[in-house]
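Worksheet: one structure, shown below.
What follows is calculated from the coordinates using simple rules that are stated; it is not laboratory data. Bear in mind that the values here come from a model prediction, so they are computed numbers and not experimental data. Reconstructed Cβ throughout: ideal geometry from the backbone, glycine too, with neighbour counts over all protein chains shown.
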Amino acid sequence: MMKKNSWRSRLFVALVLLFNYLPIFIVVLYSFNASKYGNWAGLSLQWYEKLMGNAQILRSLKNSLLLAFSSCALSILIGTAGAVGMARSHFRTQNLLENVSMIPMMLPEIILGMAYLSFFSILKVSFGMVTLIIAHVTFCIPYIFINVQSRLAGLDPAYVEAARDLGASPTRAFWDVTLPLISPAITSGALLAFAMSMDDVVISFFVTGTTSNTLPLQVYSMLKMGVTPEVNALCTLMLLAVFAALGLYALLRRVLRKRA
Amino acid sequence: MLGKPNAAKGGKKRVISPTVWPLYIWTALFVALPLVYVVTISFLKKDEIWGVTNQFTLGNYLSLFDPVYLKVFGQSFLVAVSTTALTLLIGYPFAYFTAKFSPAVRSFIILLLMAPFWVNSLLRLNGWIILLKANGPVNELLMRLGLAQEPLKLLYNGGAMMLGMVYALLPFMITSIYNSVEKLDWSVIEAARDLGASPAKAFFTVTVPLTVPGIVAGCVLVFVPSMGLFFISDLLGGAKSLLLGNLIKNELMQARNWPMGATLSIAMLLFTFAFIGIYKRVTGEKTLGGIK
Amino acid sequence: MPQSILTLQNIHKSFDGATVLDGISLSVEAGQFVTLLGPSGCGKTTTLRIIAGLEQPDEGAVILGGADVTRLPPEKRAVNTVFQNYALFPHMNVHRNIAYSLRLRREKKDVIDKRVEELLSIVQLEGYGRRMPAQLSGGQRQRVAIARALACDPQLLLLDEPLGALDLQLRRQMQVELKALQQKLGITFIYITHDQEEALNMSDLIAVMNGGRFEQIGSPEDIYERPATRFAAQFIGQSNILEGTVKQAMEGRAQVELCPGNFVTVNGDFAPGERIALSVRAERIDYGNAAQYGFHLTGAIKLHSYIGGVLRTTITLPTGQELLITGANPVSTYPAGCTVQVFWDPAVAAVVERGRAQGAR
């Protein structure tokens, strides 16, 4: 009785989803627009061609992927090790450390950006990939940490005890039991961190160097300059990649479930 | 007690697992230290060209009360509040209705909502720019329908900026609230109905109070970034709409006034902390549980 | 002289200042089925965890097969555990769960496969190797947990309420199977339960635990027929505890006054004036027109209730205390309200407390 949606609430949900996808549809549509300007002038693939020839965009995409992968990997290591270690530790500054390491997630991005700009300048660190990675790892860690921590809290300690009882050393028990059981949490944290890294404009804006433009920054400057239909083609391709990945993931899960 | 390494009689012994150290060091170096540095330079005078001098001053904080800054503060606050209110108004019913669907439909809707997240938000915002352009589809539609004689100026104003803000931040509000609503024990609402509450009464006296943690988490997640997303006001709002984020960016990159940038950041930080403080007070939760 | 496979020496353990184990000692012979029986919170799980090495005692020693293993980590002990909720690794199938300890020992693949097959047949789950734990029923999971714990031929198998999660029917069936398995394998079992029926049914030796101490250690028959303490008497079976003062002591026998004019006969040597508490099983009490065994105990029948198989009778004694009696006969010749003489064979009553203190309850 209670758990039924009326047609009006269904319509509402559909409309909000439409709102979410409307600009995306438009972008996809206009990526095939023959005209360079806003008006519609028939189908064309020229923007995809132009995109493939645009070295700047391609380089920034490469930079962004490199940045996202490396900061994800580093933050997985630091965040997971931290969460696992925290669960086994008791020390006085533990709560403080936890709260401070979570700050990047709650802080308006611009504050972290400004902090890094001034901090790295005073230390005379040259801006580029290194500063970008440091900044991205910092805001990625909390996503991993929180996910892993809550999974660990919900994990029955008996699993690890059973492994120890059956002859596994603490380290071995971690690799055999704890890690596989927290890996879904690591994965979902990493996916979010990856998206955040690929999407970040604000922090990157402050810590990037001249040779390390990221994709979002490249797009930002292109959009500020004006008409850029290549960007639409890029968006379409990325969307395609995301949905392909999602489809693959769903397929993989179904296959795995069948095999089990 | 010698020779009895683990003989702690239940007392909390000081144990630091070695795997905590990377996090510890990283946090100290790249979170705590930069933030302390920001606080420090907010009390220093700016140098002629760029950087800071070693002279202590409270001048930066006094300048906050400069009408120019106050105006931006006010504007920024207004934008943040309206963005929060709008996302809440759209997000709550959406999350509520979504939670009422069957589990399969539910997770599909959430997936649909989150999927574009992995595509750069700027690329998506570009969709709105195209739509609202003078020669874009919306204007064309309006003119064809005879609702407008000439292209309306839909872009580069406060409205377009608000649209962009709501668009960019709505998913955060929805997922926070959804996490709360999903955990709801529906039999409690049925009990309220059984005890004589009308659907509306049951909603406002039972459902809403039970989902307050999600609401507040969502509000924090929307309010906090909405003061700083300078690129949205840059791209959709035009030069006229200044947010706190734009102001800080300009102080840093154009005026090269780091101390002022730092001071503005700290003012913003205090805003944020006040908000998170309210969140913790209201929900009694330690972390922002609504965050995915 | 049979060899003691496990000895616990004066184990103490407390958590956050609360004493959980207060000096327990136990000696287990190889091949025995030993049950730790007690209410929840009595310390039985902690005892098991200390034997397994999952907890460290604050004081005392754990001797396993002649060697002191008190400070040895769990992976270094030839002891395996069947956990309360089985703790089957949810990300491994049945085969990998059972093979886990063998893999850790770097056994060859064909040796492992053979052993796993063997274990699966021991627990009657042939062909289940590829299933995931989530696809098994409670009873099947329990069997897998046992097979996994048996894989490395432990000297000692610890079982923490392994039947607790099963329904009554299955539990009864598993009791029989477990006991048969233990006898077949000849492995020493240390078994935890709060269920007295399980304990009596399966064990060679029962240790009754309460408040971090052993109240009594003995065979099921000992525990049931000759409870040593008031707790042991009340926790197991349906007992009546009667208190009185020794009035007349003779060689091996005494007359105990429960209240003026009411005497019961007790076997044993006592001094006049001694306060004692007796435990008498409900099914051992008889009543009728005439007393026997030199008893003089009058009571009024308060209530008969037929509870299937037995008739439960409540008799109110002059002291006000109510005696609970169960009899095999579904109908009683004495209706409620009758006054009857109550008696029992002094040999079946156990003295659970004695001392000079007056008025001890």
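For the reader, a short list of remarks on this structure follows.
- Hypothetical label at C:I63: residues of segment C:1-42 whose amide nitrogen lies under 11 Å (7 Å Cα-Cβ projection): C:4-10, C:26-28
- Remark: A:S9, A:S197 ranked as A:S9, A:S197, counting other beta-carbon atoms within 10 Å and listing the fewest first.
- Rounded FRET efficiency, nearest 0.05, which uses the C-beta distance separating A:A250 from C:V348 and R0 of 56 Å: 0.20
- Counting only DSSP H runs of at least 4 residues, each contributing -39500 (n - 2.57), and dividing by the residue count of chain C, the helix-based mean residue ellipticity at 222 nm comes to -7000 deg cm²/dmol.
- Using a simple spin-label model with pseudo-atoms 7 Å out from Cα toward Cβ, B:V212 and A:L11 lie 3.4 nm apart.
- Å³ per residue enclosed by the Cα convex hull of chain A: 223 Å³
- GNM result for chain A, Cα springs below 10 Å: residue of A:F12, A:F205, A:F127 fluctuating most strongly: A:F12
- C-alpha long axis of helix A:129-153 to longest principal axis of chain A, angle in °: 50 degrees
- Angle between chain A longest axis and helix A:94-106 axis [Cα atoms, degrees, rounded to 10]: 10 degrees
- Relative contact order of chain C, defined on C-alpha pairs under 8 angstrom at six or more residues apart (%): 15 percent
- Fewest-first sequence of B:M260, C:M202 by Cβ atoms within 10 Å of each Cβ: C:M202, B:M260
- Taken over the alpha carbons of segment C:238-355 as equal point scatterers, the Debye sum produces base-10 log I(q)/I(0) values at 0.13, 0.14, 0.16 Å⁻¹ of -0.47, -0.54, -0.70.
- A helix-only calculation puts chain A at -25500 deg cm²/dmol for mean residue ellipticity at 222 nm, using -39500 (n - 2.57) for each DSSP H run of at least four residues, averaged over all residues.
- Of the trypsin sites (Lys or Arg not before Pro) in segment B:91-177, those whose Cβ has at most 15 other Cβ within 10 Å and which sit in DSSP loop: B:K153
- Segment B:213-251 residues near the modelled B:A134 label - backbone nitrogen below 20 Å, point 7 Å along Cα→Cβ: B:234-241
- Potential lengthening of the chain between C:A271 and C:Q169 amounts to 31.7 nm, from the contour at 0.36 nm per residue minus the alpha-carbon distance.
- Point-to-point label distance, B:D66-C:D16, nm (Cα→Cβ direction, 7 Å offset): 5.5 nm
- Computed about its Cα centre, the charge dipole of segment A:56-259 is approximately 420 debye, with only Lys, Arg, Asp and Glu carrying charge at their Cβ.
- Viscosity 0.692 mPa s, temperature 37 °C, Stokes-Einstein D of segment B:64-283 from Kirkwood C-alpha radius, µm²/s: 168 µm²/s
- Note on A:L179/A:T211: beta-carbon distance plugged into 1/(1 + (r/R0)^6) with R0 of 35 Å gives a FRET efficiency of 0.40.
- Cβ-Cβ distance of C:A300 and C:Q155, R₀ of 45 Å, FRET efficiency by 1/(1 + (r/R0)^6): the value works out to about 0.20.
- Cross-link partners of B:K100 among aspartates and glutamates (Cα-Cα below 17 Å; sequence separation of 8 or more within a chain): B:E182, B:D185, B:E190
- Positive dipole terminus of the protein assembly as shown, leading residue within A:W7, C:A67, C:V342 (C-beta point charges): A:W7
- Rounded, prolate or oblate (a/c below 1.5 giving rounded, otherwise prolate when a/b exceeds b/c) for the protein assembly as shown by Cα gyration tensor: prolate
- From its DSSP helices (H runs of at least four residues, each -39,500 (n - 2.57)), chain B gives a residue-normalised ellipticity at 222 nm of -19500 deg cm²/dmol.
- Counting only whole DSSP H helices of chain B, the ones at least 30 Å long by C-alpha along their axis and with mean Kyte-Doolittle hydropathy no lower than -0.5 are B:67-100, B:158-182, B:258-283.
- Charged side chains reduced to their Cβ positions (Lys and Arg at +1, Asp and Glu at -1) give segment C:4-230 a dipole of some 980 debye around its Cα centre.
- A quarter of the convex hull surface defined by the alpha-carbon atoms of chain C gives 22.1 nm² as the mean projection.
- Cα-Cα over 24 Å, subset of B:K201/B:K280; A:K36/B:K133; A:K124/B:K46: B:K201/B:K280
- Loop sites in segment B:40-102: chymotrypsin sites (Phe, Trp or Tyr not before Pro), DSSP, at most 13 other Cβ within 10 Å: B:W50, B:F65
- Gain upon complete extension [A:A34, A:Q46; 0.36 nm per residue less C-alpha separation]: 3.6 nm
- Within the straight-line cut-off of under 17 Å between alpha carbons, the aspartates and glutamates reachable from B:K71 are B:E251, sequence neighbours fewer than 8 places apart in one chain being disregarded.
- Computed about its Cα centre, the charge dipole of the protein assembly as shown is approximately 2520 debye, with only Lys, Arg, Asp and Glu carrying charge at their Cβ.
- Angle in degrees between helix C:109-122 and the longest Cα principal axis of chain C, rounded to the nearest 10: 30 degrees
- Extension gain for the segment C:E117 to C:A180, taken as residue separation times 0.36 nm less the Cα-Cα distance, is 20.7 nm to one decimal.
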